[in-house]
Structure formats: C-alpha cells, structure tokens
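None of the figures in this text is laboratory data; all of them are computed from the coordinates on show. Predicted model, so just to flag it, every value in this text is computed and none were measured. Note that each Cβ is placed from the backbone with ideal geometry, even for glycine, and that neighbours are counted across all protein chains shown.
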Amino acid sequence: MSGYAAAVVVVLVWAAYPVATRAGVLGSFAPQDLMLLRFGFGALLFLPWVMVHARTISREAWLRGIPLTVFQGAGMAALVIFGLQYAPANHAAALGPGVAPAWVVLLGFLLFSKRPSARMVIGAALCATGVITLAVSSASGADPSTLIGDAMFVAASALGSLYVLQMRSWGLSAIQAAAIVTLYSALVIIPWHLWSAPGALLQVRPFELLWQVLWQGVLIGCIALVALNHAIARLGPERSSALVALVPALSAVLGILFLGEIPSISEIAAILTISAGVTIGASRDYGGRPASSSASIKRPA
C-alpha cells in the first residue's frame, strides 16, 4: 500500500469515527465501554501477530511503546471518547485531526528543532484562528460545557502529534507500533473496566454492540492505526498530518446526516478556516523544500 492510499484510509475512518462514537456515548454506551471495545478487541486482533513476532521485537521497542501508548493509545482515546459526551462530532474532527498539523509544526520546532517553512507557519496560524473561533462559539452557545469537550479534543490532538513525530524519529514499523500500543492500552483498560463497570456491555443490544466493535476495535483500533503508521513511514510526519484537511468538513457532513448536529455559521467558519490552514501547511515540507518520498524518509522495517 502506498503512503497516499494509507492516508486516504486514515481520513475516511477518522472522519466517521467521531460520528459513530458520539452516537455511542449518547446512546447505550458509557465512555469506558467504548474504550474496552476499542482496545480489548483490538488487542485480540494483534495478539496472534505479537505471539509470532515477539522474539523479533527489541527491548527498546517495548520501552518506546509506553509513551506511544499515552500519545496514540489509551491516553488520547480517553480524551476523545470522554470529550464526545460534551461536544459534537464536528468539534472532535476539527479540533482533533484538523489541528494536528499545527501541533506538528509547533512541537516539531520546540522539541525537535525542526524549522517550519513560512507556508506551514501561515497554515498553523489559520488552524489556531479556527480553534479560537470554535472556542468562542462554544462559550457563547446554549451549553457552555461544550468547552470541556473542546479542551479534551485539543489536548488529544497534541498527544497525537507527538505520536506522529516520535514514530518518524524512532522508526518503528507500522504493525509493530500499532500492536504494542494496542496491547499496552488493553492492559490498562480491561482491568479498569472490570472494576468500574462489570457486565455493562451485557445490557447492550447485540446489533449496537457489533456496530461499535467494528468501529472501535477493528476500524479505529486496528486498521486506521496501521494505516497511520504506514503513512508516517512513507510520507513523513508533516505531510501525513497535513493530509487530514478533509476530515473536519467530511465529519461535519456525516454529523448532519446521522446525528442531526447542524453546525452554526461560526462553527462552519471555524471548520473551513482549520481546513484551509491544513491545506496551506501541506504544500511544502520544512525549510521550504518540496516534500517528497525520497530515500531520507525512513521505511518501515
């Protein structure tokens, strides 16, 4: 699979995931239920691969999996899923994947001394403008608690961007990183769920349960994570994050169709501003050089 094909898979899943998860937390599922489905079933999918390849995974990879689990595993997932109790799906898409490229620019500069081009700075500034616009809209809306969800989404986006940057610098393979992150997350989530809400999923209708298993455990917990890692390895962190420009708008459309969440004029303006910022920032790589899939981009092992 090419890096761009992997990125398309990520975009489609990431756009629909907030809608499916929002429907779950507003319906029959508590947030911890969805986290169990995401990492419990995801771990079952990865476990056979880990058992076969365990001896080839270095001690260093297992140790690096700990912070990666916070960045893209249980830590980030908790912020998104709990945040969807308070804020609509289009906010999650705009402030999560939509703002990730701005975080990649900022954190890449502060933590990794990566010099962004002027275009990337302009794109990040537009993303920040969109975030502020969305925050003002939430604060002035009928339910100010929407700001709680918005803050969680922005924090989750920062963690996800750290994952993107570290994945590129550490050079873990796509499946290896996805398997370790999912297994570590399951080791935390399963005991927590058994302690806090034992038997809760037994009360859910089978069709709803299977639907969320598909989204949480298979699509977002396995397929999208592997595709993201593959895109990072093939395209680099900046371009991988920037290719999500369509996620906020696509998720907003899906939210209207399936949840009846119609964004206000200010929310539409914020979403379009964020998407514009991502598009502008995607046009060139760091240092003003055209981005390419040259040999300098580390391939998965």
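Return the long-range amide H neighbours of Ser117 (sequence gap of 5 or more, or a different chain), with a cut-off of under 5 Å between placed amide H atoms.
Under 5 Å from the amide H of Ser117 lie the amide H atoms of Gly287, Gly288, each far enough along the sequence or on another chain.
Would you list Tyr86, Tyr4 from fewest to most Cβ contacts within 10 Å?
Fewest-to-most Cβ neighbours within 10 Å comes out as Tyr4, Tyr86.
So how do 157-165, 131-139, 58-66 stack up, highest first, on mean other-Cβ count within 10 Å?
Averaged packing, sorted descending, gives the order 157-165, 131-139, 58-66.
Could you work out the helix-only [θ] at 222 nm for the chain, with each DSSP H run of four or more residues adding -39,500 (n - 2.57) and the total divided by the number of residues, to the nearest 500 deg cm²/dmol?
-23500 deg cm²/dmol
Taking H as built 1.01 Å from N, whose amide H comes closer than 5 Å to the amide H of Ala87, not counting residues under 5 places away?
Amide H neighbours of Ala87: Gly149.
What does the charge dipole of the chain about its Cα centre add up to, to the nearest 20 debye, if the Cβ of each Lys and Arg holds +1 and the Cβ of each Asp and Glu holds -1?
Dipole size: approximately 1100 debye.
If you place +1 on the Cβ of every Lys and Arg, -1 on the Cβ of every Asp and Glu, and leave all else neutral, what size is the dipole of the range 16-133 about its Cα centre, to the nearest 20 Debye?
360
For a quick check: sort Thr279, Thr69, Thr56 by the number of other beta carbons within 10 angstrom, fewest at the front.
In order of increasing Cβ crowding within 10 Å: Thr56, Thr279, Thr69.
Hey, of [x] 0.95; [y] 1.09; [z] 1.39, which did the structure itself give for Cα Rg over 2.2 N^0.38 Å when calculated?
Among [x] 0.95; [y] 1.09; [z] 1.39, the one derived from this structure is [x].
Work from the charge dipole of the chain (Cβ charges, +1 for Lys and Arg, -1 for Asp and Glu, about the Cα centre) and give the residue of Ile175, Ile132, Gly40 farthest towards its positive end.
Going by the charge dipole, the pick is Ile175.
How high is the relative contact order of the range 157-266, in percent, counting Cα pairs under 8 Å that sit 6 or more residues apart?
In percent, rounded to a whole number, it is 42.
Please report the net charge: other residues with Cβ closer than 14 Å to the Cβ of Ser251, K and R +1, D and E -1.
Residues close to Ser251 contribute a combined charge of -1.
Of Met120, Met51, how do they rank once you tally other Cβ atoms within 10 Å and put the fewest first?
Placing the least packed residue first, the sequence is Met51, Met120.
Summing +1 for each Lys or Arg and -1 for each Asp or Glu, what net charge is found among the other residues whose Cβ lies under 13 Å from the Cβ of Gly24?
Within the 13 Å Cβ shell, the charges total +1.
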